[in-house]
Amino acid sequence: MEEVLNTEVMGGRTISDLLTIEFLASAMGSVLAALGIIVVGFMIGGWVRKRLIRLGQSYDHLDITLFNFLGNVARYIVIVFAFLFVLNTFGIQTTSFVAVIGAAGLAIGLALQGTLSNVAAGVMIVFFRPVKLGDFVEVNGQMGTVKDVTLNFIELASAANVQIIIPNSQVWGNTIVNYSSYDTRRAEWTFGVGYGANLKLAEDTIRDTIMADPRAMADPEPFIQVNNLGDSSVDFLVRVWCASGDYFGFQADMKRKVKEALDSAGIDIPFPTRTVVQISQ
């Protein structure tokens, strides 16, 4: 029978050749269909991610950090379902496949406990939102503006625009100082004047100079009082509220302006001096 099949010719080809070509064509069609499904899955996943991010950007009261996270999760879910659909197309039982993946995932999880702890901390950061994109924060001894929040790390840009990467486990497990959470901040200075200075004039000069700046807030009321009698100076403690975005510039500018104002008012600003007595023998 095999000889008959191998010797029968249809259009110059044997039946076995035709069967081989048909099998290859069918396999090629399945492969192309699988590639098409995967490509479509990536496209749909990317579209879903973009839509979720745009949704977060459309409303001011929604946190864009959370929608970035949800967009990435949704994209990966769509891609996973695309791969599972491809496996079903080739007749592979996905239930057993998922079980194998689960067992492998457990083994990998045990080997990557540190990475998984970062992921778990990343989920907590995303949902509880102690930091958000654009916040100026201090975390684990590092200070900078939050540029990105991922499942593994957060990215900061320092004041010198240097990239700082901090693993999420070191963020969630440490104290977080967020300088951007509130709209206002209290600036604080200590100004010393000489013991012979007119304290009322000094206080009025400091108050008028600082409150003349448009960044200074009259409410809450500023605090300006003698706080300390030092070895060589009478120290005024000054506390004035301002907008959070103005804090650093306001804090720095007032040091110079108050010093110049005290000089113009003839109020001495003392500095430590040392008298050396030389005894001749």
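Here is a yes/no grid of residues against (1) aromatic (Phe, Trp, Tyr); (2) at pLDDT below 75; (3) assigned to a helix (DSSP H, G or I); (4) touching a Phe, Trp or Tyr at 6+ places or on another chain (Cβ under 9 Å):
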position	(1), (2), (3), (4)
Ala33	no, yes, yes, no
Ile44	no, no, yes, no
Val48	no, no, yes, no
Leu55	no, yes, yes, yes
His61	no, yes, no, no
Phe69	yes, yes, yes, yes
Val80	no, no, yes, no
Ala99	no, yes, yes, no
Gly102	no, yes, yes, no
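Here Ile210 meets each of (1) touching a Pro at 6+ places or on another chain (Cβ under 9 Å); (2) outside any helix (DSSP H, G or I) with one exception, condition (2).
Just one of (1) part of a helix (DSSP H, G or I); (2) surrounded by fewer than 15 Cβ atoms within 10 Å (Cβ to Cβ); (3) of a type in the set (S, T, N, Q) fails for Asn118. It is (2).
Scanning the range 168-199 for residues that are open to solvent by 30 Å² or more (accessible area, probe 1.4 Å), within 16 Å of Ala265 (Cα to Cα) and of a type outside the set (Phe, Trp, Tyr) yields Gly196, Asn198, Leu199.
Restricting attention to the range 128-167, the residues that are of a type in the set (A, V, I, L, M) and open to solvent by 50 Å² or more (accessible area, probe 1.4 Å) total 7.
The residues of the range 213-250 that are assigned to a loop (DSSP other than H, G, I, E, B) and within 18 Å of Ser264 (Cβ to Cβ) amount to a single one, Asp213. Only one entry of Thr145, Thr190 meets the criterion of being over 12 Å from the mean Cα position of the chain (by Cα) and β-branched (Val, Ile, Thr), and that entry is Thr190. When the range 200-252 is filtered for residues that are among the aliphatic types (A, V, I, L, M), out of contact with any Leu (no Cβ under 8 Å at 6 or more places or on another chain) and open to solvent by 30 Å² or more (accessible area, probe 1.4 Å), the ones remaining, listed by number, are Leu201, Met211, Ala212, Met217, Ala218, Leu229, Ala243, Ala252.
The values are calculated or read from the model by the stated rules, or taken from the named source; none is laboratory data. Here the structure is a predicted model, which means the values were calculated and not measured. Please note: Cβ atoms are built from the backbone with ideal geometry, for glycine as well, and neighbour counts cover all protein chains shown. For the accessible areas, the whole protein counts, side chains as well, though only heavy atoms, and no ligand, DNA or RNA atoms are used. Shrake-Rupley method; radii C 1.70, N 1.55, O 1.52, S 1.80 Å.
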